Structure formats: C-alpha cells, structure tokens
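Beneath this line is the structure, given in structure tokens, with notes to follow.
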Amino acid sequence: MPWTLPKIFPALTVLSALALPSLALRPGFAADPPSPQRSNALQRLEQMFSPEIQSTIGACLEQGKVDVAAGPTSSGAVRCGDGSTTSVPYAAYVATVSDVLTASSLVGFRAVLQSNSGVSPEMLRMFVNSPQGGIVLRQAVQTAITQSELLPATATASTDILTDAVLTRLLPSLQDPTTLDTLLGTPEQYSQVVREFCTAPGMSVEQAKSRLPLNELQLYAICIQESGVADEVLRLGGR
C-alpha cells in the first residue's frame, strides 16, 4: 500500500507561527497549514526518506492511530488504537516523530527569524526561557500534534507524551545560539543530505550520521527545508 503522508509536516512547520506572535510578529501570521491537495511542498515530502522512516512515521494510521500512552508491547512494538500491533518499535516511533516535529519547528523558527528583522535570536531565547513563553510553546506543540492527526483527537495522554518528547529536544535547541545558524549544515553537507538521505530510497539516520557530522535534527531539517514547506507557510501567513 502506498505511503500516505500524515499532516505532521504542515502542522509542525506552523508551530513557529503559533508561538512567535508574542514576539510581536506581524498580525495574522498564524495561518492554517497548507492543504495537501494544493501543496507542492507536501508532494515533495511524500517522496522523501527511506521506507523504514516512512513506515515509522505512518505507523497505525489505518489502525486507529498510535496509542502512545499504552506503551510498548512485550516485544517493544507500537500499539495501535484498535488494539492491533505493528512491527514498528515503540522507541523508534517516539524518537522519529519527535525528531521530525522538532526539526519542522526549528525550520519554521529559522524562516520566521530570517523574514522578520525585528525579531532576534536573543529575543527568541528570552521568550522560551520566560514563564509565558514556556506556556505558549507547550500549547503550540500540543496544538500542532493535534493538527498532525497522528493521534486520535481525544488521546490527551498520548499527546502529552509526545509534547514532552518534543520539548525535551526543542528547548535546548532554541536556547543554543548556534542551533539555527548551523541547522542546515554547510552547502556541501546540505547537498549531500538531500541526495543521499532525503531522496528515496534514502539511507537511514544512522548511516547518514556515520557519513556526515550532523545530528538527527539537522538531517530532517534539511529535508524539510528542501521541500519548501516553511516558505509555503510563510507565504500563506502573509496573506
């Protein structure tokens, strides 16, 4: 069965639009995610990644979606909402989805900062370190996960688990002044990742990391940037 891209990418790339209005971004920026039916960027993303990554992201989509709160089976696999199981390891699912969500939001934050001269990386760090910023960011992650439709809309416990996993990755990245500057690697690294990791059938994360001095977030961020999703969200936000 062909792999169908869930709404994870438009939902999480717009995370920055949900979180950054408190930094005085232009009014009305928080646009709805682009529709898969009219999005060239999403069509490009559907063609990316290895079959293993694709199947991990798409686990249980036709079986009641992933029941994250139920935890792994005795063999360590994901449990689906309808009670069935898959061969996708639970730990790999949480890690992969969290990495993609975090990378998507970092690409979005990077695009927003580049397009808004009045918002600096230091302002972003101050924002996420403030009590208000922490609340807004958590709400944005929760909203984005709900929009992604990876989980049942009523699965609040599962959403909380993924939210915690994303914030564990996202907060240190946003507090590091070098993260957004180095997110996409060098031009040579960018081209190699697009060619060997993003383009299906791409290599695994571990294979890519063994060939390049990049982490998981950078690998996924390069693919998301290459797809054009972030630019698409910014254009929609400027309507």
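The values are calculated or read from the model by the stated rules, or taken from the named source; none is laboratory data. Keep in mind that what you see is a predicted model, and the values were worked out from it rather than measured. Glycine also receives a Cβ, built like all others from the backbone with ideal geometry; neighbour counts cover every protein chain displayed. Please note that ligands, DNA and RNA were not included when accessible areas were found on the heavy atoms of the full protein model with its side chains. Shrake-Rupley method; radii C 1.70, N 1.55, O 1.52, S 1.80 Å.
Data for the structure
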read-out	value
Count of the stretch 95-123 residues which are of a type in the set (Gly, Ala, Ser), at pLDDT 85 or above and open to solvent by 10 Å² or more (accessible area, probe 1.4 Å)	1
Matching residues, the stretch 133-154, being closer than 19 Å to Cys80 by Cβ and either in a helix (DSSP H, G or I) or not small (Gly, Ala, Ser) (or both)	Ile145, Thr146, Ser148, Glu149, Leu150, Leu151, Pro152, Thr154
Residue selected from the stretch 160-186 under the condition in contact (Cβ under 8 Å) with a residue 40 or more places away in the chain and outside any helix (DSSP H, G or I), by the criterion nearest to Pro121 (Cα to Cα)	Pro177
Test for Leu184: is it modelled with pLDDT of 90 or more and surrounded by fewer than 19 Cβ atoms within 10 Å (Cβ to Cβ)	no
Selection from the stretch 79-132 of residues that are assigned to a helix (DSSP H, G or I) and among the charged types (D, E, K, R)	Asp99, Arg110, Glu122, Arg125
Residue satisfying condition, being of a type outside the set (D, E, K, R), surrounded by fewer than 16 Cβ atoms within 10 Å (Cβ to Cβ), assigned to a helix (DSSP H, G or I) and in contact (Cβ under 8 Å) with a residue 60 or more places away in the chain, within set Ala230, Ala157	Ala157
Hey, Thr146 open to solvent by 70 Å² or more (accessible area, probe 1.4 Å), hydroxyl-bearing (Ser, Thr, Tyr) and more than 22 Å from Arg44 (Cβ to Cβ) or not	yes
Exclusive hit being in contact with a Pro (Cβ under 8 Å, 6 or more places away or on another chain) and of a type in the set (A, V, I, L, M, F, W, C), set Ala144, Ala91, Ala111	Ala91
Conditions (1) closer than 25 Å to Glu206 by Cα; (2) over 14 Å from the mean Cα position of the chain (by Cα); (3) modelled with pLDDT of 50 or more; number of the one not met by Gln63	(1)
The stretch 124-143, subset open to solvent by 70 Å² or more (accessible area, probe 1.4 Å) and farther than 21 Å from Val97 by Cα, residue nearest to the chain's Cα centre (by Cα)	Ile135
